[in-house]
Each structure stands twice: as C-alpha cells, then as structure tokens.
Amino acid sequence: MLIPIETLAIFIPTALALNMTPGNDMLFCLGQGIKSGPKAGNAASLGIATGALIHTLLAGLGLAALVAAHPVALEVLRWAGIAYLVWLAIGAFRSKDQQLSPAQTKRSSALVAWRDGIVVNLLNPKIIVFVLAFIPQFVDASRGSVLMQFLIFGLILNIGGTIINCLVGSFAGKLGQLFARSARIARGFQIFTGCVFLGLAAKLAFDKR
C-alpha cells in the first residue's frame, strides 16, 4: 500500500486541525464573501484550493524546494503578493455605489474571485515553506512514488481546507447579502473588506518566516 492506514490516521486529524486554524486563506475567503456574495466566497475558496494543489505539485517535482533555497526568489514572491493584496484593497475601497449589492454583481465575479484566490495563494511564499516542512514528514520513499504521495497528502489537506473555507465564504456572503439592502451598511462592508485585504498585505509584509 502506497500510504499505510496508520499514517493516514495521524495525517488526517493533524491536517483538519491546521485547516481550522484561521489564516490568510480563510480571511481572504471571508473578505470575498462579504464583498460579492456566497458564490464569490465559494469561488475564492476553490481558487485557494487550486493554488494549493499547484504548490503541492511543484513541491513534489522539487521546484518549490529550489525556490525555497533562494531567499531572493521568496522575497520577490512575497512582495508580489503584498502588491496584489493592496491592489484588491484599493478596488474594494473604490467600488461604486451601484456595485455594492452582491445581488447586483456580475456573474463573472465568481471567476474573478477564483482567479484572485489562485494568485493570492501562489504569491504567498509561506505556503511553499509550509508544504515543504509538513508533507515530507509523512512521505516514505520506500513505499513508491514520492510525487504521488505528495499529491495524495496535498489533496487530503486541500479537501478539508476547501470545505472550511467554503463554509466561511458562504456565511460571509449571506451576511453581506442580508445587510446590503442598506447602502450605508454595504459601504461599511466594502471598507471592511478593503481593510481585510490591507491587513493580509501587512501580515505578509511583517510576518517573517
């Protein structure tokens, strides 16, 4: 068997505990849900999941280890991620009144939230470090393909995280829809969302690995 049952019995609860710990990804889905509704919150979580799978694949192929070995590359990724989050915050602050209600957002907003989720996740170098530090503890090269084991563990980790982030995004989206009938409250939600994105940018800027 490629991955023993006893290894999964340890990995799954540990992964779920990590998934339930509030972090950048969860806060991003919260912000997207409040800004554009439940669909956007769910789409953001799927974008985060897509980015996480790409990180896992790159780690399994050894490319992530190469990037992690070069501090300059990690710094470039980190500041690109900071710039993107600031750009999203500015977009939230500058939203026009007619764009405030989630019910009036364009159908493409879900695709935009999915894309933004991928970009935010891929530009977070701490994800690379986490994947390289956490998953290899459970990989056993003597049991077969290391890449396949990386992908299986990454998929398990991703499923739990996606479910939790979807719940957060959906709840935030429904809350946003409930209060979006008031332009003043809707504007408050937009400001809150912008502040969330700025907070994530600041955390990425000052929270050194």
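The values are calculated or read from the model by the stated rules, or taken from the named source; none is laboratory data. In this text, all values refer to a predicted model and were calculated from it rather than measured experimentally. Reconstructed Cβ throughout: ideal geometry from the backbone, glycine too, with neighbour counts over all protein chains shown. Side chains are part of the model used for accessible areas, which takes the heavy atoms of the whole protein and leaves out ligands, DNA and RNA. Shrake-Rupley method; radii C 1.70, N 1.55, O 1.52, S 1.80 Å.
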Checklist entry - Using 1/(1 + (r/R0)^6) with R0 = 35 angstrom and r between the beta carbons of residue 70 and residue 187, what's the FRET efficiency to the nearest 0.05? => result 0.20
Item to check | Accessible-area value, residue 12, 1.4 Å probe, nucleic acids and ligands omitted, Å² | outcome: 70 Å²
Checklist entry - Taking all protein chains as present, what is the carbon and sulfur share of the accessible area of the chain, in % to the nearest whole number, probe 1.4 Å? => result 71 percent
Checklist outcome for this item: Row for region 116-156, column shape: gyration tensor on C-alpha, a ≥ b ≥ c, rounded if a/c < 1.5 i.e. under 1.5, prolate if a/b over b/c, else oblate; value prolate
Next on the checklist: I need the peptides 32-39, 148-155 ranked by packing, meaning the mean over residues of other C-beta atoms within 10 angstrom, with the highest value on top.
Outcome noted: 32-39, 148-155
Checklist outcome for this item: One finds, for residue 167 and residue 90 with R0 = 22 angstrom and r their Cβ-Cβ distance, a FRET efficiency to the nearest 0.05 of 0.20
Item to check | Label-to-label distance, nm, for residues given as residue 206 and residue 178 (7 Å Cα→Cβ offset) | outcome: 3.2 nm
Next on the checklist: Once you order the gyration tensor axes a ≥ b ≥ c over the Cα atoms, which shape class does region 1-101 get: rounded for a/c under 1.5, otherwise prolate or oblate by comparing a/b with b/c?
Outcome noted: oblate
Item to check | Mean residue ellipticity (222 nm) of the chain, computed from DSSP H runs ≥ 4 via -39,500 (n - 2.57), nearest 500 | outcome: -26500 deg cm²/dmol
Checklist entry - What does the accessible area of residue 67 come to, in Å² to the nearest 10, when a probe of 1.4 Å is used? => result 50 Å²
Checklist entry - Rolling a 1.4 angstrom probe over the protein heavy atoms, how many square angstrom per residue are accessible across region 1-151? => result 51 Å²
Checklist entry - Scanning the chain for helices, which whole DSSP H stretches are 27 Å or more long along the axis (Cα) and average 0.5 or more by Kyte-Doolittle? => result 38-61, 71-93, 146-179, 183-206
Checklist entry - Please state the Cα pair-distance histogram of the chain with 10 angstrom bins from zero: what percent is in each bin? => result 9, 34, 32, 18, 7, 1, 0
Item to check | Highest-MSF residue in the chain out of 144, 91, 161 [GNM, Cα springs under 10 Å] | outcome: 144
Item to check | Convex hull of Cα atoms in region 109-209, direction-averaged projection (nm²) | outcome: 8.0 nm²
Next on the checklist: Could you tell me the center-to-center distance, by alpha carbons, between region 11-85 and region 125-167 in angstrom?
Outcome noted: 13 Å
